[in-house]
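Everything on this sheet refers to the single structure shown next.
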Amino acid sequence: MKRLTGLCLLALLLALRMTGNASAQPVEVLHYWTSTSETAALDVIKSGLAQKGLVWKDFVIPGGGGESAYAVLQARAIAGDPPVAALLEGPTVQEWASLGFLASPYPASLEKSWDAVLPQVVQQAVKYKGRYVALPTNIHRINWLWVNTDVLAAVGAAPPKTWDDFFVLAPKLKAVGYTPLLLGNEPWQEGTLFEAFLLGMSDAAFYRQVFVEHNSDAILSSRMQYILERFRALRPYTGRPDAGKSWTQTIAALRQGKAAMLVMGDWAKAELQQQGMGRQLDCVPAPGTASAFIYGVDSFALLHAEGEAGDNKVQAQFAAVLMSPALQSRLAQRKGAIPPRRDADRSKLDRCGQASYAAFAAAEKTRQLLPSMAHSMAGTQVAREAIFRVVSHYFNHPQQDSGQATQQLNAALQALQQ
Ligand code: GAL
């Protein structure tokens, strides 16, 4: 009986393939959203596609921040066997588009309708030579400080507004057994903290000089050396080393009341809420960064895969689902993000989500929307990983001199610009 069922199934699949009925064929998507909240967010997209008759097939490469996913995507694309779609962010989208890997199949009228509702920084993240080559699904604010209010209350403290405030508060928390500031040992987590710290210790102009322009004068400045030295002074307060834990395991200490604070994008909020953290979770801007919004735009690109991706029915369905205001609204709630479309309903976002949108609007007006280096919005993956390497080594090797670190950082980034 079993053999008969298998043969029938095979016959059915072959028949569907022959009729070119793309809707029954799985659409393979490479991504790295594997946490509980990320999976819940993906389910919104999967069910939207299923209603259009598209079957989403996961091609998952775990690892927050996406480094491993990008490496595997590169291998598959070079082997001529790319997935139909991939989660890509920022300049990586333009890099892949310039190599001819990304499809830009959307009608001009549809692109015009997206121009009318998408902020400039989002359009820049997903266009190549004026055409959309990726579909933006959500915007994260990276420079958040997540706080366990019960822990701060235990020492009678308010969340620090500046890093000087932090350095006064941290010893008090540590003295009574709390980890003042959670930090996992993955480079992207150190990079996330470093970019928010640098911004909090300087300003938007300096942030852009270092992470967007790779400006040697800024990188080699005494200001940069001072910021690195103060950054490393955080280390005794970060409860390290936390070897081998994923970011979702690391942040559980905030929920458990073992730690007081965490600097991370607002995907951490969604994950903490999924883990059951309730009223004691509070969101405040990372110290010194209240008027700025370091952004991460998640987007899905269609690749020139055989078959499905070339099938404009799949492409049109992908765009219709991912760019629908209703989907973007639901996905934002589950992902801890804000929707990229200005016309997507934001009324169901929680307090921190509403605060994120207000911060985005304010920062847009004062030109303080800043692309996240740590989350692939500023510069190439190679530059991002060069920054991670230098910053992580300096942070974890107290004997290294800050001048040496700035020299190494400058040399690495200048070499990439040749
Ligand atoms: C970021 C991504 C977020 C979240 C995070 C942790 O780069 O934009 O959506 O997935 O990594 O994995």
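The values are calculated or read from the model by the stated rules, or taken from the named source; none is laboratory data. Predicted model, so just to flag it, every value in this text is computed and none were measured. Here the Cβ is made from the backbone with ideal geometry for all residues, glycine too, and neighbour counts use every protein chain on show.
Details
- Residue among Lys172, Lys161 that alone is assigned to a loop (DSSP other than H, G, I, E, B), surrounded by fewer than 21 Cβ atoms within 10 Å (Cβ to Cβ), at pLDDT 95 or above and touching a Pro at 6+ places or on another chain (Cβ under 9 Å): Lys161
Table: residues versus (1) buried (at least 20 other Cβ atoms within 10 Å of the Cβ); (2) in a helix (DSSP H, G or I); (3) not assigned by TED's automatic domain parsing to the domain that holds Asp150.
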{"residue": "Gly177", "(1), (2), (3)": "no, no, no"}
{"residue": "His214", "(1), (2), (3)": "yes, no, no"}
{"residue": "Arg223", "(1), (2), (3)": "no, yes, no"}
{"residue": "Leu254", "(1), (2), (3)": "yes, yes, no"}
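- Test: residue in the stretch 203-213 that is more than 13 Å from Leu183 (Cα to Cα), within 16 Å of the ligand (Cβ to nearest atom) and among the aromatic types (Phe, Trp, Tyr): yes
- Conditions (1) surrounded by fewer than 13 Cβ atoms within 10 Å (Cβ to Cβ); (2) at negative phi; (3) modelled with pLDDT under 95; number of the one not met by Gly100: (2)
- Counting residues in the stretch 61-71 that are more than 16 Å from the chain's Cα centre (by Cα) and at pLDDT below 85 gives one or more.
- For Val55, the requirement of being crowded, with 16+ Cβ neighbours inside 10 Å and among the hydrophobic types (A, V, I, L, M, F, W, C) is not met.
- If you go through the stretch 339-359 and keep only what is under 20 Å from Lys127 (Cβ atoms) and surrounded by 18 or more Cβ atoms within 10 Å (Cβ to Cβ), you end up with Pro339, Pro340, Arg341, Ala344.
- Filtering Thr406, Thr380 for residues that are away from the ligand (no atom under 16 Å from the Cβ) and touching a residue at least 24 places away in the same chain (Cβ under 8 Å) leaves a single hit, Thr406.
- Positions within the stretch 257-271 being surrounded by fewer than 24 Cβ atoms within 10 Å (Cβ to Cβ) and either outside the structural domain of Phe231 (by TED's automatic domain parsing) or under 11 Å from Leu182 (Cβ atoms) (or both), in sequence order: Lys258
- Residue selected from the stretch 54-72 under the condition out of contact with any Phe, Trp or Tyr (no Cβ under 8 Å at 6 or more places or on another chain) and not β-branched (Val, Ile, Thr), by the criterion farthest from the ligand (Cβ to nearest atom): Lys57
- The stretch 32-53, residues that are within 12 Å of the ligand (Cβ to nearest atom) and either free of Cβ contacts under 8 Å to residues at least 60 places away in the same chain or among the basic types (Lys, Arg) (or both): Tyr32, Trp33, Thr34, Thr39, Leu42
- Leading residue by the ranking (nearest to Phe197 (Cα to Cα)) among those in the stretch 356-394 that are over 16 Å from the mean Cα position of the chain (by Cα) and polar (S, T, N, Q): Ser392
- Residue match in the stretch 86-105 (condition: more than 16 Å from the ligand (Cβ to nearest atom), within 27 Å of Trp247 (Cα to Cα) and among the small types (Gly, Ala, Ser)): no
- When residues in the stretch 256-272 are screened for being within 19 Å of Phe194 (Cα to Cα) and either assigned to a loop (DSSP other than H, G, I, E, B) or charged (D, E, K, R) (or both), 3 of them pass.
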